[in-house]
Amino acid sequence: VDLDYNPDHVLIDDAHATGNPSAIWALRQAMRTFSLSQSTFALNFMLRFAIHLVGDIHQPLHAVRGVFNDTRFGDLPRGDLGGNLLRIKSPWKSLTNLHLLWDAAGGLYLDEWPRVPPVELSENASALLREFPRKSLEELNDSDMDCFPTRDCGSVFKRWVLHVHRLAVKDAYRGVRIDETVSDAYIQKVREVSRRQLAVAGYRLADLLMVVIPFLQISSDESSLTNRPWNLRKSLTAGLEMQQALLFVCVLQFLLLFSLAVMVCKRRLVKVTGERESPLLDEASTS
């Protein structure tokens with residue numbers, strides 16, 4: 001989501017940030033698919049998108065496009081691609097620009113999954129739960145997913161992204177200059193913000209899946225959607241274990257960023273079967 005950060009007041013067009021395509025648009029389409037589609041493929045396809053995007057949008061440099069014309073970052077009237085064009089020097093050879101440094105949470109997550117042992121990921125998720133209990137995160141709203149399934153959740157996702165954008169402006173672009181070595185203080189700030197964002201993303205992903213999972217169980221009665229179970233929240237008794245598992249998933253989001261970027265660029269969409277057809281995947285959707 002390329003919300004602009006334009007401290008030098010460069011003349012730009014900022015209408016692109018939340019439309020089609022954007023993470024907000026894709027998450028809206030995913031939620032519509034979960035509530036209405038009877039296509040097994042569509043539900044699975046959009047579930048993968050939603051899990052990835054909920055984690056992705058909580059990385060501050062995934063919610064910003066820095067536009068500059070100054071001595072700190074140079075002349076970038078078309079944007080810095082979320083920090084990808086801002087070269088830095090860091091203690092890690094692989095982290096050569098600002099975006100990569102934040103992708104790796106300031107060097108905390110350098111190995112790509114699946115090379116990280118599952119037990120290590122589980123311990124990391126447990127540590128995040130202990131460090132950031134839900135009540136300590138004031139930006140969380142227990143009623144966020146009340147929008148599903150009867151209302152458009154776009155305003156909720158936009159609010160999430162705007163908060164992350166403010167973090168990028170406040171924390172990502174301050175205390176750093178192009179082509180210079182990042183300070184220990186800056187790296188520590190990246191780590192603190194990233195760990196907190198992992199926890200926020202994990203709780204929000206848990207909330208989303210709590211309301212979505214019942215709709216993924218397609219009824220054998222094709223004439224109606226009313227046979228889908230609606231009371232998963234009442235039936236789940238292992239809430240803490242659920243949240244830990246979902247924090248585990250969000251940790252994977254950071255570790256997968258490098259490999260996913262390459263995969264997205266190399267792979268092309270294959271021809272679809274009739275099962276994939278869904279009005280919710282139609283780019284001509286009016287929403």
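The values are calculated or read from the model by the stated rules, or taken from the named source; none is laboratory data. Owing to the predicted nature of the structure, the values given are computational and were not obtained by experimental measurement. We place every Cβ from the backbone using ideal geometry, glycine too, and count neighbours over all the protein chains shown. SASA here: full protein model, heavy atoms, side chains in, ligands and nucleic acids out. Shrake-Rupley method; radii C 1.70, N 1.55, O 1.52, S 1.80 Å.
List the residues, sorted by chain then number, that are 5 or more residues from Gly74 or on another chain and whose placed amide H is less than 5 Å from its amide H.
HN-HN under 5 Å from Gly74: empty list.
Quick one: Karplus J couplings for segment 201-212, per residue in order, coefficients 6.51, -1.76, 1.60, θ = phi - 60°, nearest Hz, x for Gly and Pro?
4, x, 5, 5, 5, 4, 4, 5, 5, 4, 8, 8
Largest first, what is the accessible-area ranking of Asp103, Asp142, Asp152 with a 1.4 Å probe?
Reading off the accessible areas and sorting them downward yields Asp142, Asp152, Asp103.
Taking amide hydrogens as modeled 1.01 Å from N in the peptide plane, which residues meet the under 5 Å criterion relative to Gly66, leaving out close sequence neighbours?
The list, which skips near neighbours in sequence, is Tyr5, Asp80, Leu81, Gly82, Gly83.
Full extension from Trp92 to Ser136: what is 0.36 nm times the residue separation minus their Cα-Cα distance, to one decimal in nm?
Full extension from Trp92 to Ser136 adds 12.6 nm.
Report, by chain and number, residues whose modeled amide H sits under 5 Å from the one on Asn97, excluding near sequence neighbours (fewer than 5 apart, same chain).
Amide H neighbours of Asn97: Ile88.
HN-Hα J couplings of segment 130-140 from phi, Karplus 6.51/-1.76/1.60, θ = phi - 60°, integer Hz, Gly and Pro as x?
Each residue of segment 130-140 in turn: 5, 6, 10, x, 3, 5, 7, 9, 5, 6, 6 Hz.
Could you order Phe49, Phe34 so the one with the most accessible surface comes first? Probe is 1.4 Å.
Phe49, Phe34
Send over a whole-number figure in Å² for the accessible area per residue of segment 79-196, probe 1.4 Å.
I get 52 Å² per residue for this part.
How far apart, in nanometres, would the label points at Ala127 and Glu192 be if each is projected 7 angstrom from Cα along the Cα-to-Cβ direction?
1.7
Output wanted: per-residue J couplings in Hz (rounded whole) for segment 174-184, from phi through Karplus 6.51 cos²θ - 1.76 cosθ + 1.60, θ = phi - 60°, x for Gly and Pro.
Computed from phi, the couplings for segment 174-184 are 9, x, 8, 9, 5, 6, 10, 6, 6, 7, 4 Hz.
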